[in-house]
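Trainee: Quick one: structure below, then a few questions.
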Amino acid sequence: MTKKAVILAAGEGKRLRPFTETMPKVMLPVANKPLLEYVFDAVRKSGIDEIIVVVGYKKEVIMEHFKDYKNIKITYVIQDRQLGTAHALLQAKKHIKDSFIVLAGDNIIDPGSIAKLQKDKSEYSLLIREHPHPSKYGVVFVEDRSIRRIVEKPKEDIGKYISTGIYKLPRSVFTEIEQCTSEGAHALSSIIQSLVDKRKHINTIFAQSWMDVVYPWDLISVNEVMIQETSQFTSGVIEKGVTMKGLVSVGNGTKIYSGCYVVGPVIIGENCEIGPNVCIFPSTSIGNNTVVHPFSEIRSSVIMNNVHISSNSHISRSVVGKGCVIGDNFSTITGKTVIEIENEFKRLETPIGAIIGEDCVIESHVVVDPGKIIGRKCHISSMKHIRKNIPSESKVM
């Protein structure tokens, strides 16, 4: 059985800006834990005993976070230039002696699906998934469980199965990778298509559970799922007169003051101060060292570490980056909208609030329209209505 995995974690994730301006996308938090940590956990639980992590963009953030990670051997290799997934995998060649699993560091997968891949007798195997909107992924056409064709991010919704990018591969695949990359093909999907063209049998296995984060608003939907799978724990100080319903986790050193109303699933990190008289509704994660002042309400949102939210604020279906200071009477308007990001226009079918980058200072009585993105280190003066995206390090006076 395959006992070694390669995790690709070198990319920046430009479509996840402004959050990836200071950290690699694999370190973005959902349910107060980096995406990459979920991948590490799933790999370890599947029985794999060694992982090779391909790092590149802001690699120090990854290496520092996982320096004390236990019960699995971790080896780091560096991709100096982020040319593509096949080129990234090639960096791990000298550490591979036999068949191995390859995974993306920003995809959440269950251990059981990895175990099925490990046990599969085929030389080449791929985890696939049915998806209602396959066009933002590699679409896989399958015949008798074998791949016939992969179309990478087609312009129209064709087919119904997508590639999760999670493979079992033999060591001999590096010969194919070296040949293809020398011809300018740097994507792993191109390598697989080349193998298909040479009539290699690539077996397909259905993944039980798989999610990825491509855009900032994906953090909200993935957070909603993962927060329900978090083990419940209650520490800190919870004053008399606090109402908590459902799955609510509270970290060490946190104080929740009288009159607060919390409906899970909710996770609140360490050393936070909540309330008095704050309402927190389902699918909300609040990072460490965060303060939420009285009469504020938070729903279905990702609040990262070291955030300060003043009184009478209303935050719904939003992502707030670490270190933000938000003044009183702040409000996000939620609704369906079209969002422009990295020269792409995306129509969201579910309501969205605000996307706020780290270290912003937002003064009192500010309102943000649905889907508007405020870059990192912005300063927004009081009484402003944000109707368009604000670039990083801007001042709105």
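Trainee: So, in region 248-267, of the ones that are among the β-branched types (Val, Ile, Thr) and closer than 16 Å to residue 316 by Cα, which residue ends up most open to solvent (accessible area, probe 1.4 Å)?
Mentor: The extreme case among them is 263.
Trainee: Which members of region 270-292 meet the condition of being buried (at least 22 other Cβ atoms within 10 Å of the Cβ) and either in contact with a Phe, Trp or Tyr (Cβ under 8 Å, 6 or more places away or on another chain) or farther than 20 Å from residue 316 by Cβ (or both)?
Mentor: Residues satisfying the conditions are 274, 275, 278, 280.
Trainee: Of the numbered conditions (1) in a strand (DSSP E or B); (2) over 18 Å from the mean Cα position of the chain (by Cα), residue 7 satisfies every one except a single condition; which is it?
Mentor: Among (1) in a strand (DSSP E or B); (2) over 18 Å from the mean Cα position of the chain (by Cα), the lone unmet condition for residue 7 is (2).
Trainee: Based on what the data block shows, is residue 311 surrounded by 18 or more Cβ atoms within 10 Å (Cβ to Cβ), modelled with pLDDT of 95 or more and either assigned to a strand (DSSP E or B) or touching a Pro at 6+ places or on another chain (Cβ under 9 Å) (or both)?
Mentor: Criteria not met by residue 311.
Trainee: Could you grab me the full set of residues in region 89-98 that are closer than 10 Å to residue 177 by Cβ and of a type outside the set (D, E, K, R)?
Mentor: 89, 90
Trainee: How many residues, within region 341-365, are outside any loop (DSSP other than H, G, I, E, B) and either touching a Phe, Trp or Tyr at 6+ places or on another chain (Cβ under 8 Å) or open to solvent by 20 Å² or more (accessible area, probe 1.4 Å) (or both)?
Mentor: Selection size over region 341-365: 9.
Trainee: Continuing with the same structure: Anything in region 257-275 that is of a type outside the set (D, E, K, R) and out of contact with any Gly (no Cβ under 9 Å at 6 or more places or on another chain)? List them, or say none.
Mentor: Within region 257-275, 261, 274 qualify.
Trainee: If you go through region 323-359 one residue at a time, how many are closer than 24 Å to residue 270 by Cα, in contact with a Gly (Cβ under 7 Å, 6 or more places away or on another chain) and of a type outside the set (A, V, I, L, M)?
Mentor: Total satisfying the criteria: 3.
Trainee: Related question: Within region 196-209, is there a residue that is modelled with pLDDT under 85 and assigned to a helix (DSSP H, G or I)?
Mentor: yes
Trainee: Quick test of your reading of the structure: residue 294 fulfils all but one of (1) in contact (Cβ under 8 Å) with a residue 40 or more places away in the chain; (2) in a loop (DSSP other than H, G, I, E, B). Name the failing condition by number.
Mentor: All conditions are met except number (1).
The values are calculated or read from the model by the stated rules, or taken from the named source; none is laboratory data. Small disclaimer: the values here were computed from a predicted structure and weren't measured. Note that each Cβ is placed from the backbone with ideal geometry, even for glycine, and that neighbours are counted across all protein chains shown. With ligands, DNA and RNA removed, areas are computed over all heavy atoms of the protein, side chains included. Shrake-Rupley method; radii C 1.70, N 1.55, O 1.52, S 1.80 Å.
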